[in-house]
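The values are calculated or read from the model by the stated rules, or taken from the named source; none is laboratory data. Fair warning: this is a prediction, and the values are worked out from it, not measured in the lab. Here the Cβ is made from the backbone with ideal geometry for all residues, glycine too, and neighbour counts use every protein chain on show.
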Amino acid sequence: MWSLLRILALTFLLVVGALVTGRGGWLLQVLDTWSETFGATAMPRAPLSLSPVATVGSLAAGCAAAVVRPTRRAVGQLVTLLHEVGHTVVAAALGARPRGIVLRHDASGHATASWVGQASPLRRLALGSVAFVGLPAAAVASASAAQLLLLVGPRMVLWSVAGAGVLVALLARSVWSLLIASGTAGLAVAALGDTAEPWAASAVVALVTAVAVKTTGDNLRRLRTPIREGDDARVVGANLGLPARSVQFVQVALGATLSGFALWWIARHAYMGW
């Protein structure tokens with residue numbers, strides 16, 4: 001079972017890597033070839049078709065949701081959920097066995113996993129990699145979602161959000177974690193029935209925007225606060241022998257770049273519509 005989980009996690013990371021590097025078209029060609037070879041149904045395509053005005057309005061709504069109460073609290077919980085999913089998926093891909101995820105009321109959280117075998121330099125590299133991916137994880141998700149929106153439409157984005165919620169629900173180690181995860185998955189599944197409606201596409205654009213803006217703002221604030229024991233950057237530094245603040249700067253820069261790409265890709269869609 002654990003070997004299968006590792007293969008699934010590695011496949012997921014490959015897909016995400018293709019999306020965030022702008023190779024989503026290549027990925028779709030691979031999937032189409034696979035479908036033709038094995039007689040499977042090709043992935044349906046319903047690319048984002050919002051008008052420029054609706055797209056800009058959705059971008060503005062997403063920015064507002066990321067900074068105005070109470071929506072920013074809800075967006076913060078989603079960002080934390082994606083943060084812990086990032087830790088969990090990378091840990092599974094590197095051979096760990098996920099054990100639990102905890103989300104808290106203040107939008108903090110942690111994920112746990114067990115490792116098989118003896119400690120080694122490769123283990124320290126793996127632990128550093130798992131810790132590093134946390135801060136940029138939500139930005140990676142927003143960039144991937146933006147590409148999915150433009151390639152195949154909002155339906156696949158909602159399925160992805162639902163999948164993240166289900167994963168956290170399965171690993172939840174607190175009632176709050178279970179409520180947030182099941183609520184996220186439930187809302188995403190409920191919205192799937194209306195993906196043909198313009199409002200649904202607008203809501204997905206606003207959601208992607210809110211996650212990109214919120215995670216960037218949160219990460220930038222981290223650069224102005226002391227690095228505490230247990231922070232991801234300190235864990236990376238301890239395992240790889242690097243200064244924690246330098247690690248954090250790279251994490252934040254990577255996350256900001258990917259969030260910027262997500263917003264630019266969506267805004268470019270609106271620009272091309274005019």
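Is it true that some residue in the range 148-161 is over 25 Å from Ala18 (Cα atoms), surrounded by fewer than 24 Cβ atoms within 10 Å (Cβ to Cβ), of a type in the set (Gly, Ala, Ser) and in contact with a Pro (Cβ under 8 Å, 6 or more places away or on another chain)?
The initial filter retains those residues of the range 148-161 that are over 25 Å from Ala18 (Cα atoms), namely none.
No, there is no match, as no residue in the range 148-161 is over 25 Å from Ala18 (Cα atoms), surrounded by fewer than 24 Cβ atoms within 10 Å (Cβ to Cβ), of a type in the set (Gly, Ala, Ser) and in contact with a Pro (Cβ under 8 Å, 6 or more places away or on another chain).
Can you tell me which residues in the range 47-60 are surrounded by fewer than 18 Cβ atoms within 10 Å (Cβ to Cβ) and either under 21 Å from the mean Cα position of the chain (by Cα) or at positive phi (or both)?
Pro47, Ala60, listed by residue number.
Among the residues of the range 180-231, write down those that are part of a helix (DSSP H, G or I) and among the β-branched types (Val, Ile, Thr).
Ile180, Thr184, Val189, Val204, Val205, Val208, Thr209, Val211, Val213, Thr215, Thr216
Search the range 186-214 for residues being over 13 Å from the mean Cα position of the chain (by Cα) and among the polar types (S, T, N, Q), and hand back the single one that is surrounded by the most Cβ atoms within 10 Å (Cβ to Cβ).
Ser202
Output the qualifying pairs, or none if there are none: Cβ atoms under 6 angstrom, residues six or more apart or on different chains, first residue in the range 67-88 and over 26 Å from Leu13 (Cα atoms), second residue in a helix (DSSP H, G or I).
As it stands, the answer is Thr71/Ala65; Arg72/Ala66, since those pairs meet every condition given.
Scanning for something within 19 Å of the chain's Cα centre (by Cα), among the small types (Gly, Ala, Ser) and at pLDDT 90 or above, does the range 17-37 turn up at least one residue?
yes
Hey, Asp231 hits all of (1) under 23 Å from Val89 (Cα atoms); (2) at pLDDT 95 or above; (3) surrounded by 19 or more Cβ atoms within 10 Å (Cβ to Cβ) but one; which does it fall short on?
The one condition Asp231 does not meet is (2).
Applying the selection to the range 10-66, what residues are closer than 17 Å to Trp159 by Cβ and aromatic (Phe, Trp, Tyr)?
If the condition is that a residue be closer than 17 Å to Trp159 by Cβ and aromatic (Phe, Trp, Tyr), then Phe12 is the only one that fits.
Take Gly183 and tell me if it is surrounded by fewer than 18 Cβ atoms within 10 Å (Cβ to Cβ), at pLDDT 95 or above and within 15 Å of Ser142 (Cα to Cα).
When the stated conditions are applied, Gly183 does not pass them.
Could you list, ordered by first residue, the pairs with Cβ atoms under 6 Å in which the first is in the range 190-211 and at positive phi and modelled with pLDDT of 95 or more and the second is of a type outside the set (Asp, Glu) and part of a loop (DSSP other than H, G, I, E, B), at least 6 apart or interchain?
Close Cβ pairs (under 6 Å, with a partner that is of a type outside the set (Asp, Glu) and part of a loop (DSSP other than H, G, I, E, B)) do not exist here.
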